[in-house]
Each structure stands twice: as structure tokens, then as C-alpha cells.
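The values are calculated or read from the model by the stated rules, or taken from the named source; none is laboratory data. Worth saying up front: this structure is predicted, and the values here are computed from it rather than measured. Cβ placement follows ideal geometry from the backbone for every residue including glycine, while neighbour counts extend to all protein chains displayed.
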Amino acid sequence: MNPAPGLANVSYARLALRFEMGRHQDVLELTPSLESSFTKLHMEVEAVKCRLLLAMTLKMTGEHPGAIELLDRVHKNPSLSSEPFLRAKILAELGDLHQLQGQFALAMTAFQEASQLLQDKEPSPARADLKLCVGATYKALGSLDAAKEAYRAAQTEYSTLGMPGPVAYTRLLIAETLLELNRDREAEWEILTALPAIEEINMIPEGLAAVALLRESVRKRNTDTSALKQLRSQLRATS
């Protein structure tokens, strides 16, 4: 047996773990060499995964134009013809990068293409994440009702998948949007529904403090928006 493919896959798993740990410089330094190894082994799909991981790292370090340039090439790779979930993930990341750059028309084009790849599939984290990105783009455009509906669709999908952390996170996004729509009572209900699940998550003290502040402010019918945003940020980092 040739051990090289297995060793390369183990190296990729270690790199992905470093990304999750926030060790972005390690990923930037090591990914190109690993991608080259996959290419030499004719493991093109795995090489594409390396490029996606590199682009996601560039995104996290603020190098958005470089990440966009990389993904613009990657999503057209012929090897993805039999990998709809991977191609949809790449397009979703590309769309999110475009919306971060204020390129909303390009973002929506990428999201629509990704959605077409997933529309006939079973509920999946990839499809739920895509709906979350669509909601963020609508919100950036000021289309708050459309943003709320996209967030609600994502929340429903996360719930179907049994993912309480993302469900709670999305409820907080919905609450923020409802507050901007001056629908405070509905926002309070979303927050109160999300808090029990959030309190079961192992959060840092700052997150727990934000939970307490938010619960008290909702009780007083004067929602603390800064505590809401802080808690959402902590929850996203924990998920």
C-alpha cells in the first residue's frame, strides 16, 4: 500500500484543526506545500479543499481580495462536477467575501449559484450557513424583512439538524433585525427563547456576563443591544 495519500489526509486534518484553533499563520505557511502534495498524488478534490482552507484563512486575516481571487479560480475547477456540497461551500465563502467588500450584486450571484446546487439536497449545515450569508447580505442592503426571513429559514434548518448552538446564534440575529424594525416585543421573545440553550454552552466569563445583562434588560423591557451583540459575538466564537 502507498501510505502517501493517507499521510497527506492526516496533514490536512491537522491543518484544519490549527485553523479552528486560530493558528492562522501556521495555515498560511503550510497549506501551499500540502496542496502541492495532493496535486502530485492526483488528489484534485483534496487539493481544492486546501485552496478553500487557505482562502478562509486569508478571509480571517483580512486579506479579502486575495481570498476572492483564489476562490474565483477554485469554484470553476472541473473536479468539482461531482462534489456539489464542496462547490456550494466555496461559492458561499466567495459570496460572503464579496458582501464583506460591499460587492452585493456579486455576493448574491454567488449565493444563488450555491443555492441551486443544494436545493434538491437534504437539510445540511452547508445549506443553513448559506441562508445565514444571504440574510447578512440583505441586512447590509437595508432589506430587513428579507434578512429576517433568510435568518428564519437558516434557524429552521439548524433546528432540523439538531444544532442548538447555531439555532440560538441565529435567533439572536433575528432579534437584532427585529429591533431595527422596531418590533421590540418579538425581539424579546426570540432572545428569551435562545437564552436557555446559550446558558448550557461552556462560555467564557465575558459571555456569561452578557447573558446576565441581556436577561435583565429584557426583563425590564429595555433590551441592551450592546449586550446582545457581545453575546452573539461570543456565541459565534464558541460554536
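For the stretch 60-79, which residues satisfy the criterion of being buried (at least 17 other Cβ atoms within 10 Å of the Cβ), touching a residue at least 24 places away in the same chain (Cβ under 8 Å) and among the hydrophobic types (A, V, I, L, M, F, W, C)?
The answer is ALA67, ILE68, LEU71, VAL74.
Inside the stretch 137-166, can you point out the residues that are under 12 Å from PRO125 (Cβ atoms) and among the β-branched types (Val, Ile, Thr)?
THR160
To keep it simple, each residue is scored yes or no on (1) closer than 25 Å to LEU181 by Cβ; (2) buried (at least 17 other Cβ atoms within 10 Å of the Cβ).
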{"residue": "PRO84", "(1), (2)": "no, no"}
{"residue": "GLU93", "(1), (2)": "no, yes"}
{"residue": "ARG127", "(1), (2)": "no, yes"}
{"residue": "THR137", "(1), (2)": "yes, yes"}
{"residue": "ASP145", "(1), (2)": "yes, no"}
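Between a residue in the stretch 179-202 that is not assigned by TED's automatic domain parsing to the domain that holds ARG215 and any residue that is among the hydrophobic types (A, V, I, L, M, F, W, C) and at pLDDT below 90, which pairs come within a Cβ distance under 6 Å, given they are 6 or more apart or on different chains?
Listed by first residue and then by second, the contacts come to nothing, as the list is empty.
Restricting the search to the stretch 162-201, which residues are surrounded by 18 or more Cβ atoms within 10 Å (Cβ to Cβ) and either basic (Lys, Arg) or at positive phi (or both)?
ARG171
Restrict the check to the stretch 16-37 and report whether at least one residue is part of a helix (DSSP H, G or I), in contact with a Lys or Arg (Cβ under 6 Å, 6 or more places away or on another chain) and not basic (Lys, Arg).
yes
Which number in (1) farther than 14 Å from LEU52 by Cβ; (2) in a loop (DSSP other than H, G, I, E, B) marks the one condition that LYS76 misses?
Looking at each condition in turn, LYS76 falls short on (1).
Would the stretch 40-59 turn up any residue that is part of a helix (DSSP H, G or I), touching a Gly at 6+ places or on another chain (Cβ under 9 Å), exposed (fewer than 15 other Cβ atoms within 10 Å of the Cβ) and in contact (Cβ under 8 Å) with a residue 12 or more places away in the chain?
No: the stretch 40-59 contains no residue that is part of a helix (DSSP H, G or I), touching a Gly at 6+ places or on another chain (Cβ under 9 Å), exposed (fewer than 15 other Cβ atoms within 10 Å of the Cβ) and in contact (Cβ under 8 Å) with a residue 12 or more places away in the chain.
Restricting to the stretch 60-73, name every residue that is within 12 Å of PHE19 (Cα to Cα) and part of a helix (DSSP H, G or I).
If the condition is that a residue be within 12 Å of PHE19 (Cα to Cα) and part of a helix (DSSP H, G or I), then MET60 is the only one that fits.
Restricting to the stretch 100-116, give me the number of residues that are out of contact with any Ser or Thr (no Cβ under 9 Å at 6 or more places or on another chain) and surrounded by fewer than 22 Cβ atoms within 10 Å (Cβ to Cβ).
11
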